[in-house]
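Enquirer: First, the structure itself, so that you have it in front of you.
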Amino acid sequence: MMTLLYHIVMRKIRKYLNGQKFGKLTVVGLSVRRNHRICQCDCGNKTDVSISNLKDNHTTSCGCVARENLRIRSTTHGESKNSRLYRIWINIKDRCLRTTHKYYKYYGGRGINVCKEWENSYITFSQWARANGYRDNLQIDRINNNKGYSPQNCRWTSGKINCNNTRRNLNLTAWGTTQTLSEWVKDKRAIVSYDTIWLRIKRLGWKPEEALSTPKLKNQFDILKSKIVATTLLTSA
Ligand SMILES: [Zn+2]
């Protein structure tokens, strides 16, 4: 009789799993969730795990092991892949090389490339960056806007200088509103493409309102020629 009772009690205790260890987890109590147990991890955290996950070794820690592995994996050369500089490097390569990137046409699409040393190695890029005054508040800037990303053509600048120098961020004031050309393109009042607006403003010298709201003409260069002719006539008169 005593032996039978002992077995029943032991079976119950085993069923509760209290004190049993699974990897880094030790069962310390019942959970409010059915077939779950509260476990204490070796790292000190408490966690709620299903019995089946414990028994088939699916869950062996509170998650600290996975987090640590992720940290190790994402860290290369002592530098996190989540660092700002790393993202800058990825973005440069994307804009210049990935044809599906939304700004590809302003970079790779118009011949702006990345030098091979930078394209192939983040370390080379980050070494150049740090040796040339990289700070977390600075942006990479191409000195000559028509040349690519290379040590010879790049520097770190505050956003303000960069903005003035970047083709994409041409500021336009029309109808009393100032925004960048990229923003204007999304504005309902602008009815022609980015490149047309750019051409009209920069090459043809149109007023912003005209440049944004005049429907696209067949041949923009005819207009340019007629303007030159008009200017010549005016000057010679
Ligand atoms: Zn843990």
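Just so it is clear, none of the values below were taken in a lab; they were calculated from the coordinates. The structure presented is a predicted model; accordingly, all values stated were derived computationally and were not measured. Positions of Cβ are generated from backbone atoms using ideal geometry, with glycine treated the same way; all protein chains shown enter the neighbour counts.
Enquirer: Provide SER52, SER126, SER31 in ascending order of the number of other Cβ atoms located within 10 Å of each residue's Cβ, fewest first.
Expert: Ordered from fewest to most neighbouring Cβ atoms within 10 Å, SER52, SER126, SER31 come out as SER52, SER31, SER126.
Enquirer: Strictly over 24 Å apart at the Cα level, which of LYS24/LYS55; LYS147/LYS216; LYS12/LYS55 would you flag in this model?
Expert: Checking Cα-Cα distances, LYS147/LYS216 exceed 24 Å.
Enquirer: Using Cα positions and a limit of under 15 Å, work out the aspartates and glutamates in reach of LYS105, with same-chain residues fewer than 8 apart set aside.
Expert: Cα-Cα hits under 15 Å: ASP94, ASP195.
Enquirer: Right, here's the next one. Quick one: of LYS102/LYS207; LYS116/LYS202; LYS93/LYS116, which pairs are farther than 22 Å apart, Cα to Cα?
Expert: LYS102/LYS207; LYS116/LYS202
Enquirer: May I ask you to order 172-180, 84-92 by the average number of other C-beta atoms within 10 Å around their residues, highest value first?
Expert: Packing proxy ranking, top to bottom: 84-92, 172-180.
Enquirer: Something else now. Net charge around VAL114, counting only other residues with Cβ within less than 13 Å of its Cβ (Lys, Arg = +1; Asp, Glu = -1)?
Expert: +3
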